[in-house]
1. For K151, give me every one of the lysines with a C-alpha distance below 24 angstrom, ignoring sequence neighbours fewer than eight places off in its own chain.
2. Out of all DSSP beta bridges in the chain, what portion is antiparallel? Express it as a percent rounded to 5.
3. Normalising by the residue count of the chain, find the relative contact order in percent from Cα pairs under 8 Å and 6+ residues apart.
4. Please grab the % of Cα pairs in segment 166-311 that end up more than 25 Å from each other.
5. With the convex hull built on the Cα atoms of the chain, state its orientation-averaged projected area in nm².
6. Ranking D40, D19 by Cβ neighbours within 10 Å, fewest first, what do you get?
7. Put a dot 7 Å past each Cα toward the Cβ at R200 and L59; how far apart are the dots in nm?
8. Taking neighbour Cβ counts within 10 Å as the exposure measure, how do E220, E153 sort from fewest upward?
Amino acid sequence: MGDRIVSFHYEKEKGERLDIFLATCLPEFSRARLQDLIKDSFVVVDGVAATKPSRTLSLGAVVEVRIPPPAPSGLVGEHIPLDILFENDDLLVVNKPAGMVVHPSPGHEAGTLVHAVLGHVPGLEGIGGEERPGVVHRLDKETSGLILLAKNERAHRWLQDQFRLREVEKIYLALVDGAPPTPAGRVEAPLGRDPAHRKRMAVLPPGKGREAVSEYRTLESLQTHTLLEVHPHTGRTHQIRLHLAFLGCPVTGDKVYGRRKPSVEINRYYLHAFKLRIRLPGEKEPRTFEAPLPRELLEVLEEVRKKAVWD
């Protein structure tokens, strides 16, 4: 795959920064990416390489951009089975199993969701000039369910904007120990690093941490547990787990923010990204995707139901 060359004519009387002009001409690229192309001499203005993003353009200037193919990311795709619920030229919607890490990281150099996507889509257009998928939002290792991955920079920016503007509806299913104080409610509690345990997050006093908002409603009340539907309005790390623990009903199986010894036999915590409603790139109306509860969680729920009847 060779370089792609595109050219534009600057037709405004008033001068404008080169990087700002290119951002309007090439909306699929981030401004940082365009600035890198300029600094690396991939942009020519009136036949001369431009190396300063702040350069001011004049009326009639001809701007030529040479876009190199994505560089290898250093990651090797792996043929790992994926439960793909939707796919087009821009993105994948995957039902991630519990136990799979999303990003490569120390201790997880292989077997991640990113490795699996690279194996599924060889020759990926890539993000930020590298052959790698764009992860738009996070799911913890033990959380199962829906996750979006962009195949190109244009789709990545579009989807990121949807999340940034809080236009995405996310619904999680959580089985919790005990019950929340009310059948339905809203939690507004800021989150940040736990001062006493830097590897953990915590609910912090007002004025500290980052804003975090979650809504919940009860789907099923059982004797010792409650099945909840949770709608996070923000996407903070460990938000749902922390907010439910803050209410006094931690997620079942959560050994970090709940009981160290799980209340039922379970080898993960009971949290599943069940529903996602989002407007896809180039589309006017949002789509809704759903991922059913995995078998291991259905079996736990049935056991809890039986125990409630027996007792």
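1. Output for K151: K96, K141, K170, K275, K284.
2. Around 95 percent antiparallel, to the nearest 5.
3. 14
4. In whole percent, the long-distance tail amounts to 31.
5. That works out to 19.6 nm².
6. Least crowded to most crowded, the residues run D40, D19.
7. Reported label-point gap for L59 and R200 is 6.6 nm.
8. Listed from fewest to most nearby Cβ atoms, that is E220, E153.
We did not get these values from a lab; they are worked out from the coordinates using the rules stated. All values derive from a computational prediction rather than experimental measurement. Backbone-built Cβ (ideal geometry, glycine too); neighbour counts: all protein chains shown.
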